[in-house]
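Participant: Here's a structure for you.
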Amino acid sequence: MVIGLIHFYLWKRLVKDPLPPGRARRVGTGVAIVLGVSAPATLVGVRSGALPWLAWPGYLWIAVMFYLLVTLAVLEIPRLAVVLWWRSRRRTGGESASVAALSGTAEPAAGETQAAALLVAVEDSVSGDKSGSGERPESIRSEEGVERRVLLARGAAIFAGLTAVGVTGYGVKTALGGPRIARVQVPLAKLPRAMDGTRLAVVSDIHLGPLTGMNHARRIVDVINSVQADIVCVVGDLVDGSVAELGRFAAPLAEIQSRQGAYFVTGNHEYYSGFQEWVDEVARLNIRPLRNERLELGGLDLAGVNDLGGADAGDPPDFAKALGDRDTTRPVVLMAHQPAAVHDAAPYGVDLQVSGHTHGGQMAPFNLLVGLEQPVVSGLGSVDGVPVYVTNGAGFWGPPVRVGAPPQVSVIELRAR
């Protein structure tokens, strides 16, 4: 229903308003209907594997649709202002002319040339205005108003179309490029001096799927290995499909290098893709799954919990199992896919939580809506007294587009106070 209403609005602003009745409008209407059907067909068909060929055109249209909607919505205010100004000007002009005609005081304005006066007389003659007032009949003024509105609608449609296509093109280039390295230092009061400077490489939301291919994972692995991390944290949403479909795309992950190992927790998308087989496959790739459990890595505890969405699949997070009954003099870093998990983790005295899930918003200004669901959208924040770091993610979901939230591999340097 929402997608249908969006396409109705786009049809009105891009087809009905700027195009006169006729063949062009009929063709535009047909295109709007096809695109309106393609959006939900892409979301359902590609995810289920029934329509994989629809992935590229369907998801690109969804991105263009989003930015058309945003641009046209922003233009509504100046558009309304211009229309009101035109109406006010026409009403004021008509009233002035009528008053002048009734009072018999209509005269050419100061400085008006004889040619201008002659033009008014000719217009009066053509339009049938015998009063000599220079006022145009209502029918002519109405036609002029229609022409102005059509001109305004066409200008807005062209501007919105160019903006949406340009922003989407930029977003595709950003999303398909290599992830950037984001660095941040986080002080931990309990961290032993000997572990000062420990580096965590945090990567999330790789989203191996029908649009990524083998090179996607290889690029990410190359970036991870370039930072020479002590610990690698893969915090969920690795895949969008089964091991049979995507196992070969995940193969480069076996080449991840780190001093103290690579670790994985499930994200919500693993539960759409057969989570148990992916847990087994990740372990085969030498990345250790942390299934509501905790490890001691020198003077640091590393814990991981299943994603909050695992509850619907019978595989819920268990914070007590992962964080309870531990030595509270040791610092603990929690891997949890969703930032919102911090609300359950905070009572256990977590020193740092690393998460993903948000994609940093992926397509601004969508990040404003993500902030309504998650306490931190991107970067380092504090929730319930717990530092929470959220990486933008290294891949994309749905449209292969990133605007305002480039793909990331985050490097967190732990510092002893």
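The values are calculated or read from the model by the stated rules, or taken from the named source; none is laboratory data. Bear in mind the structure is a predicted one, so any value in this text is a computation, not a measurement. FYI the Cβ positions are ideal-geometry reconstructions off the backbone, even for glycines, and counts take in every protein chain you see. Accessible surface is based on the protein model in full, side chains and every heavy atom, while ligands, DNA and RNA are left aside. Shrake-Rupley method; radii C 1.70, N 1.55, O 1.52, S 1.80 Å.
Participant: Starting from the Cα gyration tensor of segment 335-390, take the square roots of the eigenvalues, sort them a ≥ b ≥ c, and report rounded, prolate or oblate (rounded when a/c is under 1.5, otherwise prolate if a/b is larger than b/c, else oblate). Don't skip to the end; give the middle numbers.
Facilitator: Working: a/c = 2.40, a/b = 2.17, b/c = 1.11.
It is prolate, given that a/c is not under 1.5 and a/b is the larger ratio.
Participant: Something else now. If you add up the charges near residue 314, with Lys and Arg at +1 and Asp and Glu at -1, over every other residue whose beta carbon is less than 14 angstrom from its beta carbon, what do you get? If you can, show how the numbers build up before the last one.
Facilitator: Numbers: positive: 291; negative: 270, 307, 312, 315, 318.
That sum, taken over residues with Cβ under 14 Å, equals -4.
Participant: A further question follows. Given 0.36 nm per residue, what is the gain on full extension from residue 5 to residue 277 after removing their alpha carbon distance, in nm?
Facilitator: Values: separation 272, 0.36 × 272 = 97.92 nm, distance 3.92 nm.
Residue separation times 0.36 nm, minus the Cα-Cα distance, leaves 94.0 nm.
Participant: Which residue, 81, 212, 58, has the largest displacement toward the positive end of the dipole of the chain when charges sit on each Cβ (Lys, Arg +1; Asp, Glu -1)?
Facilitator: It is 81.
Participant: Residue separation times 0.36 nm, minus the C-alpha to C-alpha distance between residue 29 and residue 415: what's the value?
Facilitator: In short, 132.9 nm is gained.
Participant: Take the chain, connect every pair of alpha-carbon atoms lying under 10 Å apart with a spring to form a Gaussian network, then pick out the residue of 63, 41, 81 with the largest mean-square fluctuation.
Facilitator: 81
Participant: In whole Hz, with x marking every Gly and Pro, tabulate ³J(HN,Hα) for segment 308-324 from phi via Karplus 6.51 cos²θ - 1.76 cosθ + 1.60, θ = phi - 60°.
Facilitator: After applying 6.51 cos²θ - 1.76 cosθ + 1.60, I find 4, x, x, 4, 6, 9, x, 9, x, x, 10, 5, 5, 5, 7, 10, x Hz.
Participant: Put +1 on the Cβ of every Lys and Arg and -1 on every Asp and Glu Cβ in segment 197-311; which of 244, 221, 289 then has its Cα farthest towards the positive end of the dipole?
Facilitator: The Cα lying farthest towards the positive end belongs to 221.
Participant: Sticking with this structure for a sec: Assign unit charges at the C-beta atoms only (+1 for Lys and Arg, -1 for Asp and Glu), then state the dipole size of segment 261-417 relative to its Cα centre in Debye, rounded to the nearest 20. Walk me through the numbers on the way to the answer.
Facilitator: Values: 10 positive and 18 negative charges, 102 e Å.
Dipole of segment 261-417, to the nearest 20 debye: 500 debye.
Participant: Using amide H atoms built 1.01 Å from N in the peptide plane, name the residues 5+ places from residue 274, or on other chains, whose amide H lies under 5 Å from its own.
Facilitator: Counting only residues 5 or more places away or on other chains, the set is empty.
Participant: Right, here's the next one. Can you list the HN-Hα couplings for segment 182-192, worked out from phi with the Karplus curve (6.51, -1.76, 1.60; θ = phi - 60°), rounded to whole Hz and with x for Gly and Pro?
Facilitator: Ordered by residue, 3J(HN,Hα) equals 10, 10, 8, 9, 10, x, 10, 4, 8, 5, x Hz.
Participant: Then there's this: Loop sites only, by DSSP: take the GluC sites (Glu not before Pro) in the chain that have at most 15 other C-beta atoms within 10 Å and name the longest stretch containing none of them.
Facilitator: For GluC sites (Glu not before Pro) (loop position, at most 15 other Cβ atoms within 10 Å), the longest site-free span of the chain is 113-372.
Participant: Once you charge only the Cβ atoms, +1 for Lys and Arg and -1 for Asp and Glu, what is the size of the charge dipole of the chain about its Cα centre, to the nearest 20 debye?
Facilitator: Rounded to the nearest 20 debye, it is 840 debye.
Participant: Anything in the chain that counts as a DSSP H helix reaching 15 Å or more along its axis (C-alpha) with Kyte-Doolittle mean of at least 0.0? List them, would you?
Facilitator: 23-48, 55-103, 114-127, 138-176
Participant: For residue 282, what is the net charge nearby, where nearby means another residue's Cβ is under 12 Å from its Cβ and Lys, Arg count +1, Asp, Glu -1?
Facilitator: On the way: positive: 284, 288, 291; negative: 270, 277, 280, 281.
Spelling it out: positives minus negatives among the neighbours equals -1.
Participant: Continuing with the same structure: With a 1.4 Å probe and every protein chain kept in, tell me what percent of the accessible surface of the chain is carbon plus sulfur.
Facilitator: In the chain, the share of accessible area belonging to carbon and sulfur is 60 percent.
Participant: Could I ask something else about it? What relative contact order, as a whole-number percentage, does segment 300-417 give when Cα pairs under 8 Å and 6 or more residues apart are counted?
Facilitator: On the way: 218 pairs, mean separation 24.8, N = 118.
Value for segment 300-417: 21 percent.
Participant: Let's see if you can work this out: charge +1 on each Lys and Arg Cβ, -1 on each Asp and Glu Cβ, no other charges. What is the dipole magnitude of segment 295-386 about its Cα centre, in debye to the nearest 20?
Facilitator: Result for segment 295-386 is approximately 220 debye, rounded to the nearest 20.
Participant: Relative contact order of the chain, please, whole-number percent, based on alpha carbon pairs below 8 angstrom and at least 6 residues apart.
Facilitator: Here the relative contact order equals 18 percent.
Participant: Now for a different question. So what's the convex hull volume per residue for the Cα atoms of the chain, in Å³?
Facilitator: Hull volume over Cα atoms, normalised by residue count, gives 199 Å³.
Participant: Can you find, among 374, 262, 409, the residue sitting farthest towards the positive end of the charge dipole of the chain, where Lys and Arg contribute +1 and Asp and Glu -1 at Cβ?
Facilitator: Towards the positive end, the residue furthest out is 409.
Participant: Something else about it: Mind running the shape call on segment 217-340? Use the C-alpha gyration tensor, a ≥ b ≥ c as the square roots of the eigenvalues: rounded below 1.5 for a/c, prolate if a/b tops b/c, oblate otherwise.
Facilitator: oblate
Participant: Per the helix-only calculation at 222 nm, which mean residue ellipticity applies to the chain, given -39500 (n - 2.57) for every DSSP H run of n ≥ 4 and division by its residues, nearest 500 deg cm²/dmol? Before the final figure, lay out each step's value.
Facilitator: Numbers: 11 runs with 182 residues, N = 417.
Calculated mean residue ellipticity at 222 nm is -14500 deg cm²/dmol.
Participant: Would you please state which residues of segment 56-79 a label at residue 369 would reach in this model, taking the label point 7 Å out along Cα→Cβ and a backbone N cut-off of under 11 Å?
Facilitator: Under cut-off, by backbone N: 66-67, 70.
Participant: Counting alpha carbon pairs within less than 8 Å and at least 6 residues apart, what relative contact order, in whole percent, applies to segment 295-360?
Facilitator: Taking the mean separation of contacting Cα pairs over the length of segment 295-360, I get 31 percent.
Participant: In addition: Could you please put 389, 272 in sequence from largest to smallest accessible area, using a 1.4 Å probe?
Facilitator: 272, 389
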